[in-house]
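Student: One structure follows; several queries about it will come next.
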Amino acid sequence: MSHLPDAQPPAFDPAAPFEIFLVATPGLEAALRAEAAALGFSNVRQVEGGVTITGHWLDVWRANLELRGASRVLARFASFRAMHLAQLDKRARKLPWAAILRPDVAVSVEATCRKSKIYHAGAAAQRVATAIREALGAPIADKAPLTVMARIEDDLVTISVDTSGELLHKRGHKEAVNRAPMRETMAALFLSQCGFTGDEPVLDPMCGSGTFVIEAAEIAAGLQAGRSRSFAFEQLATFDRAGWEALRSVARRQPTVRFYGSDRDAGAIAMSKANAERAGVTELTEFRQLPVGELERPAGPPGLVIVNPPFGARIGEGASLGPLYRSLGSVLRERFSGWRVGLLTTEIGLARATALPFLPNGAPVLHGGLRVTLYRTGVLP
């Protein structure tokens, strides 16, 4: 068997920029790319499964803190070729683990193999774990504060560390959820796809636990998405507490518009109010218990109605939902002239039942094991 020469992987320079991978919800990669570009990250590029940017550790912290649409943030700090496990073992031992990890913080290791001579992911993960343990002394555990990932594709090994920890839709202040909750990361990108930038009212007439309304209020107030939670990168050797605190000290804006949620279920309204209070946006939001048929246009300027109605397969409702969608469409057409609408559903037939003038729709998005599509209108006549 021919071997590649056992050259040492390139030395890691903490001051040099490196690739950062932003994991996207399948179907929302383009929306995440647009958000990353709008926030001023460098070399923003859409790839399979997400978006890559180039930056430093400060950019890793900022991506976790400020991006509303990313599911997690991976720092790709090393790559090298390996044709067999012995070579992977030797090269993994030469990586500058002490520049990234701490000897007192446990690490778990995951590996994936694709189109490579190394095909056993478990054996690959074991080699990397052994290299970390022997080079650094850090304990290895199945469940640990930090996760190192080895991705082997076409014999190229890319070593990353998951800098997020818990998935980023867990903002840290939402405790109450309903049966089929919309993830905050998805809600933020759907709002963006509807053209929402924070300067218009938003109304969700089937608000559930209030995700769309609260995300919209936070965006309008300039609140950082991750302000209420901790992150895995705080356990890395690269972490600087003073720099992190400086990044988090951002002044709050005072929006001139309000954000509205309604639902026929009293429990949903109670959840929404509790979640809004924990998020610090109570004074910007208004939640009311009422059915769709009693929905009224709020006083003030027009804005965006965004709604995630029931779709049977999601919550086990076998009865026809056509009448609900027809009622919703009728109310919006008759009472919301000048507003725009964004509606999420799994079936084009349900969207058509509203008789709303939808624009051409984009790609479906995975949500709760189903593919949902965002149907958008322009300004209603």
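Just so it is clear, none of the values below were taken in a lab; they were calculated from the coordinates. This is a predicted model, so every value here is computed, not measured. All Cβ positions, glycine included, derive from the backbone under ideal geometry; neighbour counts span all protein chains shown.
Student: Determine the gain in length on full extension of the stretch GLN289-ARG114; use 0.36 nm per residue of separation and subtract their C-alpha separation, reporting nm with one decimal.
Tutor: Stretched fully, the GLN289-ARG114 segment lengthens by 57.9 nm.
Student: Out of all DSSP beta bridges with both ends in the stretch 18-162, state the antiparallel percent to the nearest 5.
Tutor: So the antiparallel bridges amount to about 75 percent of the total.
Student: Still on this structure: How big is the Rg/Rh ratio for the stretch 256-381, C-alpha atoms only, Rh by Kirkwood, two decimals? Show your work: numbers first, answer last.
Tutor: Working: Rg = 15.0 Å, Rh = 15.7 Å.
Using Cα coordinates only, the ratio equals 0.96.
Student: Of ALA150, SER71, TRP339, which is farthest along the charge dipole of the chain in the positive direction, counting Lys and Arg as +1 and Asp and Glu as -1 at C-beta?
Tutor: So the residue we want is ALA150.
Student: For a paramagnetic label modelled at 7 Å from the Cα of ALA30 toward its Cβ, which residues of the stretch 342-371 fall within the zone defined by backbone nitrogen distances under 15 Å?
Tutor: 359-366
Student: Which one, MET271, LEU85, ILE140, is farthest towards the positive end of the dipole of the chain when Lys and Arg carry +1 and Asp and Glu -1 on their Cβ?
Tutor: The residue sitting most towards the positive pole is LEU85.
Student: I've got another one for you. May I ask you to derive the FRET efficiency for THR256 and GLU166 from their Cβ-Cβ distance with R0 = 41 Å, giving the value to the nearest 0.05?
Tutor: 0.75
Student: Compute the angle between helix 211-221 and the longest alpha-carbon principal axis of the chain, please, reported from 0 to 90 degrees and rounded to the nearest 10.
Tutor: 80 degrees
Student: Using only Cα atoms, find the angle between the long axis of helix 29-38 and the longest principal axis of the chain, and express it within 0 to 90 degrees, rounded to the nearest 10.
Tutor: Helix 29-38 sits roughly 90 degrees off the main axis of the chain.
Student: Find the relative contact order for the stretch 18-162 and round it to a whole percent, using C-alpha pairs within less than 8 Å whose residues are 6+ positions apart.
Tutor: Value for the stretch 18-162: 24 percent.
Student: Can you check how the C-alpha radius of gyration of the stretch 58-211 compares to 2.2 N^0.38 Å, as a plain ratio?
Tutor: Working it through for the stretch 58-211, the quotient is 1.31.
Student: On the principal axes of its Cα set, how long, how wide and how thick is the stretch 115-190? Give whole Å, largest value first.
Tutor: Rounded to whole Å, the extents work out to 44, 32, 19 Å.
Student: Looking at the chain, what % of its DSSP beta bridges pair antiparallel, to the nearest 5?
Tutor: Of those bridges, close to 60 percent are antiparallel.
Student: In whole Hz and in residue order, list the ³J(HN,Hα) couplings for the stretch 358-375 that follow from phi through the Karplus curve 6.51 cos²θ - 1.76 cosθ + 1.60, θ = phi - 60°; x for Gly and Pro.
Tutor: Ordered by residue, 3J(HN,Hα) equals 6, 7, x, 8, x, 6, x, 10, 6, 8, x, x, 10, 9, 10, 10, 8, 9 Hz.
Student: Taking R0 as 22 Å, what FRET efficiency do you get between ALA106 and ALA86 from their Cβ-Cβ distance, rounded to the nearest 0.05? Provide the component values of the computation, followed by the final result.
Tutor: Details: r = 26 Å, r/R0 = 1.20.
Rounded to the nearest 0.05, the efficiency is 0.25.
Student: If you don't mind, another one. Report, in degrees rounded to the nearest 10, the 0 to 90 angle that the Cα long axis of helix 57-66 makes with the longest principal axis of the chain.
Tutor: 20 degrees
Student: Also: Need one number: nm distance between label points at LEU156 and ARG335, each 7 Å from Cα along Cα→Cβ, rounded to one decimal.
Tutor: 5.5 nm
Student: Convert 10 °C to kelvin, take the viscosity as 1.306 mPa s, use the Kirkwood radius over C-alpha pairs of the chain as Rh, and evaluate the Stokes-Einstein diffusion coefficient in µm²/s, rounded to a whole number.
Tutor: 70 µm²/s
Student: In the chain, once you exclude exposed trypsin sites (Lys or Arg not before Pro) (DSSP loop, at most 13 other Cβ within 10 angstrom), what's the longest stretch remaining?
Tutor: On the way: sites that count: LYS115, LYS143, ARG179, ARG252, ARG253.
Here the longest run is 254-381.
Student: Continuing with the same structure: Counting pairs on different chains as well as pairs 8 or more places apart, how many Lys pairs in the chain have Cα atoms under 23 Å apart?
Tutor: 6
Student: Then there is this: Collect residues whose amide H, placed 1.01 Å from N in the peptide plane, falls under 5 Å from the amide H of ALA78; neighbours closer than 5 in sequence don't count.
Tutor: Here the answer is ILE159, since their amide H atoms fall under 5 Å of that of ALA78.
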